[in-house]
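Student: The structure follows.
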Amino acid sequence: MKLFTEIKEAVIISLNAIRANKVRSFLATLGIVIGITTVTILQTAIEGINRAFEKSIAAVGADVLYVQKFEWFGKEDWQVYRNRRDIKWNEYEYVLGNLQGAESVCPTVGNVTTVTYQDFSSESIPVFGTTDEYQRTMGLDVAEGRFFTRRESDGGWPVCVIGYDIKDAFFHDINPLGKVIQINGHNFKVIGVYDKMGSMLGLFSLDNRIVVPIKKYFKIFGTRRSLTIHVKAPSVDALDDTKEEVRAVMKRARRIPVGGKDDFGVNQQEAFKQTYESLTGLIKTIGTAITMLSLVVGSIGIANIMFVSVKERTKEIGIRKAIGAKRPTILLQFLIESITICIVGGMVGLFIAFPLSLIIDAFLLPTAMPLWVVVLALFISALAGVFAGFFPAWTASKLDPVDALRYE
Amino acid sequence: MEEIIKTKDIVKLYIMGVEELYALKAITVTINRNEYVAIMGPSGSGKSTLMNIIGCLDTPTSGHYELNGQSVSEMDDNELAQIRNREIGFVFQTFNLLPRSNALHNVELPLIYSGMSKSKRIELAEDALLKVGLQDRMFHKPNELSGGQRQRVAIARALVNNPSIILADEPTGNLDSKTGDEIMELFDNLHQLGNTIIVVTHEDFIAEHAHRIVKLRDGLIESDVITGKGFKHNSGKTEAQLAN
Ligand SMILES: Nc1ncnc2c1ncn2[C@@H]1O[C@H](COP(=O)(O)OP(=O)(O)OP(=O)(O)O)[C@@H](O)[C@H]1O
Ligand SMILES: [Mg+2]
């Protein structure tokens, strides 16, 4: 009760003091304002990028392995990967037949080609061939219609599932289901439309593609392209075990001795994550340095006006002590004053950062300001306040009441 | 007869570089409940120093001081603050109000430090302002009040905690004589109501309000006389105690 009363009193005193010295308080908090603005902008940007990343990487599947010629973010020269053997249908079949610890396996192969619907045509649509297992492996949502069946897949039926943007571009408001489109001059019936997925790391759209049965794909485009074998592990935890098994099985398929060097890549989402994390890690380090610097400078500014404030109010401190304020009370009063100034500075920082983050979101990067960023920003402000205010407050609390009262 | 203040051989020594200055040399004095004492003496004789020690704002270099049965000379800073808060009401020559707070809040302040609830505080503070005749100036800030009114606020603040003693160091020093008279009347009333009052003054006509006059000179008690005037409750029983 007593502490609460004293804190309340201290908050009122400090708000009055800030009001009485608006310009000075404003200038002193500038460092804090800048610090909090930076830290907030930074966090909203990182948070925004994180969310965008999580969303787009979901399409890659955290529990899916990709057996490919290339290694994502591999260390070797690009030439090395290009000169490797292509991954062929029989290797897919071997993996499918011999892999024990997999939930499901499917191949994909794709290229960019011309797609036509009535008199509308586009020349650069990515078309992928796969099996009916693709749906189970990738778990992508088909919003309208359905994915193709085992029968359609094995028989190489001319059916297709289209991405959201394809629907948008070719059909507008018309229901695309049952309509016939031409892929590289061959008729395909649209049987499904994917849910909107967004773009992969903001680079290429996942909504702009068409998926067809791989048997049909081979008939149209031939079989010389290298496949990607998708392997879904039973769980994310089992990913490493599954990966080892996939490598062993692929080696056997290619007759590479046990100790031999892989001439294929087993890729996973993790590779994206690592690259991504080293990138955001860099942003974080630079940002934290800027933030710390401006907060330290800001704190020094606050400490400075707190010393001035203590000096100016020596008489007030004397009066308060004369009528019974104890040392901790005075200490608390000035500490709270410094914390209040910093939190007000922090709030100003947040008010600046919020529209700024919206602008950045519109033009540069995705951003998001979750509550915890706001709380963190205010917490850091308060911490800066304690840091900056402690020594001046300590000085104030130690003043001798007689001397303080005599001070003019 | 209840002894409120009991000092024994109080010494206050200031050391300034190589120079030693005895502001108080050996003050032994006893003051009883409901006495009305004036402390007089030439400038620099140690009146304020003595008041500050009696009021627990300052501590003696040596000697013993007992306030209301508690030995004060051994207390630390925080204990002294608590004593000031509960036992002492200060009135200063320069009023010493908080400039940014209104009258009510100024009076309420000691109660905040004693941890009283808001409603109780307001009630007592309003009561104290009523006693000094400022019930219609509660929300005025010090700079919106006359000197006399400011001193009344200070007096209300001094008595709001119902202290054992009210100490006033030249309370009329910054006021014209008519306003000074009004303030002294207020002290007279408080004395009548049973308060113990110690006033430091240069002026004989102020000292006349008191029933006992202690004169200091060079840090020693020169004389301690009961005049009887204004001494309503404990007439004549106090022993005048001379230093040494
Ligand atoms: N902080 C201090 N440091 C050094 N000397 C001091 C200090 N405070 C008081 N003195 C000295 O102690 C002596 C007594 O001072 P005090 O203020 O008690 O006098 P006073 O009787 O109240 O005088 P006045 O009537 O002018 O107010 C003076 O000589 C003064 O210079
Ligand atoms: Mg004096």
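Student: Please work out if A:Y164 is open to solvent by 10 Å² or more (accessible area, probe 1.4 Å) and either at pLDDT 90 or above or on the phi > 0 side of the Ramachandran plot (or both). Reasoning before the result, please.
Tutor: Numbers: open to solvent by 10 Å² or more (accessible area, probe 1.4 Å): yes; either at pLDDT 90 or above or on the phi > 0 side of the Ramachandran plot (or both): yes.
Criteria met by A:Y164.
Student: Applying the selection to the stretch B:174-189, what residues are in contact with a helix residue (DSSP H, G or I) (Cβ under 9 Å, 6 or more places away or on another chain) and of a type in the set (D, E, K, R)? Steps first, please.
Tutor: Kept after step one, since they are in contact with a helix residue (DSSP H, G or I) (Cβ under 9 Å, 6 or more places away or on another chain), are these residues of the stretch B:174-189: B:174-184, B:186-187, B:189.
Scanning the stretch B:174-189 gives B:D176, B:K178, B:D181, B:E182.
Student: Scan A:S397, A:S357 and give me the residue that is of a type in the set (S, T, N, Q), open to solvent by less than 60 Å² (accessible area, probe 1.4 Å) and away from every other protein chain (no Cβ under 14 Å).
Tutor: Values: A:S397 fails: away from every other protein chain (no Cβ under 14 Å).
Only one candidate passes the filter, namely A:S357.
Student: Scan the stretch B:43-65 and report the pairs whose first residue is within 12 Å of chain A (Cβ to nearest Cβ) and of a type in the set (K, R) and whose second residue is open to solvent by 30 Å² or more (accessible area, probe 1.4 Å) and outside any strand (DSSP E or B), with Cβ atoms within less than 7 Å and a gap of 6+ or a chain change.
Tutor: none
Student: Between A:I290, A:I286, which is exposed (fewer than 14 other Cβ atoms within 10 Å of the Cβ) and either of a type in the set (A, V, I, L, M) or within 14 Å of chain B (Cβ to nearest Cβ) (or both)?
Tutor: The conditions single out A:I286.
Student: Do we find a residue being modelled with pLDDT under 95 and among the β-branched types (V, I, T) anywhere in the stretch B:145-154?
Tutor: no
Student: Moving on. Mind counting the residues in the stretch A:155-189 that are more than 17 Å from A:T113 (Cβ to Cβ), in contact with a strand residue (DSSP E or B) (Cβ under 8 Å, 6 or more places away or on another chain) and in a helix (DSSP H, G or I)?
Tutor: Residues flagged as more than 17 Å from A:T113 (Cβ to Cβ), in contact with a strand residue (DSSP E or B) (Cβ under 8 Å, 6 or more places away or on another chain) and in a helix (DSSP H, G or I) within the stretch A:155-189 amount to 4.
Student: Please report, ordered by residue number, the strands (runs of 3 or more DSSP E) entirely within the stretch B:1-120 with at least 3 residues that are closer than 22 Å to A:L405 by Cβ, more than 16 Å from ligand 2 (Cβ to nearest atom) and open to solvent by 20 Å² or more (accessible area, probe 1.4 Å). Before the answer, list the steps.
Tutor: Details: elements: B:3-16, B:19-32, B:36-40, B:62-67, B:88-91.
Output list reads B:3-16.
Student: Which one of these is away from ligand 1 (no atom under 16 Å from the Cβ), within 13 Å of chain A (Cβ to nearest Cβ) and surrounded by 20 or more Cβ atoms within 10 Å (Cβ to Cβ): B:A125, B:A210?
Tutor: Working: B:A210 fails: within 13 Å of chain A (Cβ to nearest Cβ).
None of the other options fit; the residue is B:A125.
Student: For a quick check of your reading of the model, give me the residue pairs whose first member lies in the stretch A:114-133 and is more than 14 Å from A:V190 (Cα to Cα), whose second is basic (K, R), with beta-carbon atoms closer than 6 Å and at least 6 apart or on different chains.
Tutor: A:P126/A:R209; A:D132/A:R150
Student: Considering only residues that are outside any loop (DSSP other than H, G, I, E, B) and within 13 Å of chain A (Cβ to nearest Cβ), which ones fall in the stretch B:129-142?
Tutor: Step one: filter the stretch B:129-142 for residues outside any loop (DSSP other than H, G, I, E, B), giving B:129-131, B:135-137, B:142.
Answer for the stretch B:129-142, where residues must be outside any loop (DSSP other than H, G, I, E, B) and within 13 Å of chain A (Cβ to nearest Cβ): just B:P142.
The values are calculated or read from the model by the stated rules, or taken from the named source; none is laboratory data. Note that the coordinates shown come from a computational prediction; the quantities given were computed from them, not determined experimentally. Because the Cβ atoms are built from the backbone with ideal geometry, glycine has one as well, and the counts that use them run over all protein chains shown. We work out accessible area using only protein heavy atoms, side chains counted, and drop any ligands, DNA or RNA first. Shrake-Rupley method; radii C 1.70, N 1.55, O 1.52, S 1.80 Å.
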